[in-house]
Amino acid sequence: MAVLFGGIDVGSLTAQAVVLDNGDIAGSASIGVKPNPLDSARTVLMAVLEQTGLEPGDLHFTVSTGYGREQVQKEGLSQANISEITAHGKGAQWLLPSVRTVIDIGGQDAKVIRVNEKGDLEDFVMNDKCAAGTGRFLEVMARTLGVGLEELGPLSFQARNPLELSTRCSIYCETEVLHYLQRGADKADIAASVNRTMAERVMALVRRVGAQKEITMTGGVAKNVAVRKELERLLGIRLVEYRVDSQIVGALGAALVAREMGGGR
């Protein structure tokens, strides 16, 4: 009989859950968060259980991570909780054993994590004081430009004369973008400058932690093709990619730790 392990990751904008069947991902789900972290955790966990035809009691051990991790454990939806840093490092290195540096950009923070060959944390640096290096920054900029968040990356590739944003503060950047729009600047040119600014902000974190190859990205911003391309240009290397949705990596890492804690192989 299979021994199943669960991971729940409740972030600021999205929530994910993963079910691990020994060495394989049996199922995963991702949703937009609800006002209450517990509601997010319950909903996303039930989504992945329904997908896999399982019941909550079928999970041998579950670990939570993300902003709501302690509350999720307290209410009995998980038996333990771990930091997002540990979860993303574990998940990324399990998917790609050659990975030693993980760039995780979420809705409200950005982290650069360095791990060893076992996926254990060696060092990290985090930005949670300024929105300019987070998914929230891109969300605000997309709304200001009047485009969908998923359009912001592809739109950059249409730029002919990318503009300069003189400030890295998200509030002032929004004002500057509005000023460019009022002057009739092309949206593609503005989008290119926004994505470049984002990449430069994250690159400052990469330099602080002393990144080692191979390097990959996790989190929702990993789906922004322009930010990825700008980071690759700044790093001078190709970021390695994996076969799963970049947003489930934290939940996967939590499930892997659940397997370790629960006595799985």
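What residue among 134, 218, 52 has the largest mean-square fluctuation in a Gaussian network model of the chain, using Cα springs under 10 Å?
52
Just to be sure I understand: with springs between alpha-carbon atoms less than 10 Å apart, which residue in 63, 240, 125 has the highest mean-square fluctuation in the Gaussian network model of the chain?
Of 63, 240, 125, the most mobile in the Gaussian network model is 240.
Residue by residue through segment 184-196, which ³J(HN,Hα) values in whole Hz follow from phi under the Karplus form 6.51 cos²θ - 1.76 cosθ + 1.60 (θ = phi - 60°), with glycine and proline marked x?
x, 5, 6, 4, 5, 5, 5, 4, 4, 5, 5, 5, 5
Could you tell me the center-to-center distance, by alpha carbons, between segment 186-229 and segment 95-128 in angstrom?
14 Å
Neighbouring Cβ atoms within 10 Å as the yardstick, rank 118, 223 fewest first.
Values: 118 10, 223 16.
Lowest to highest Cβ neighbour count: 118, 223.
Compare the Cα positions of 145, 179, 231 along the charge dipole of segment 140-249 (+1 at Cβ of Lys, Arg; -1 at Cβ of Asp, Glu; about the Cα centre) and return the one farthest towards the positive end.
Positive-end residue among those listed: 231.
Enumerate the calculated ³J(HN,Hα) couplings along segment 111-119 in order (Karplus 6.51 cos²θ - 1.76 cosθ + 1.60, θ = phi - 60°), each rounded to whole Hz, writing x wherever the residue is Gly or Pro.
9, 10, 10, 10, 10, 9, 5, 9, x
Rounded to the nearest 20 Debye, what is the dipole magnitude of the chain about its Cα centre when Lys and Arg each give +1 and Asp and Glu each give -1 at the C-beta?
Details: 29 positive and 32 negative charges, 142 e Å.
That gives the chain a dipole magnitude of about 680 debye.
List the relative contact order of segment 204-265 as a percent without decimals, with contacts defined as Cα pairs under 8 Å and 6+ residues apart. All intermediate terms of the calculation are to be shown ahead of the outcome.
Working: 28 pairs, mean separation 21.9, N = 62.
The normalised contact order for segment 204-265 reaches 35 percent.
I'd like the Karplus ³J(HN,Hα) series for segment 169-182: coefficients 6.51, -1.76, 1.60, θ = phi - 60°, whole numbers in Hz, and an x wherever there's a Gly or Pro.
6, 5, 5, 5, 4, 4, 4, 5, 5, 4, 4, 4, 4, 5
Given the options 98, 4, 248, identify the residue whose Cα lies farthest towards the positive end of the charge dipole of the chain (+1 on Cβ of Lys, Arg; -1 on Cβ of Asp, Glu).
After comparing all options, I get 98.
Report the FRET efficiency, 1/(1 + (r/R0)^6), for residue 31 and residue 232, where r is their Cβ-Cβ distance and R0 is 41 Å, rounded to 0.05. The partial results should precede the final answer.
On the way: r = 30 Å, r/R0 = 0.73.
E(calc), rounded to 0.05, equals 0.85.
With the dipole of segment 1-138 worked out from charges on the C-beta (+1 for Lys and Arg, -1 for Asp and Glu) around the Cα centre, which of 76, 89, 134 lies farthest toward the positive end?
About the Cα centre, the residue reaching furthest to the positive side is 134.
Bear in mind these aren't lab numbers, they're just calculated from the coordinates by the rules spelled out. Not measured: the values here are computed from a predicted model. Neighbour counts are summed over all protein chains in view; Cβ atoms, including those assigned to glycine, are modelled from backbone coordinates with ideal geometry.
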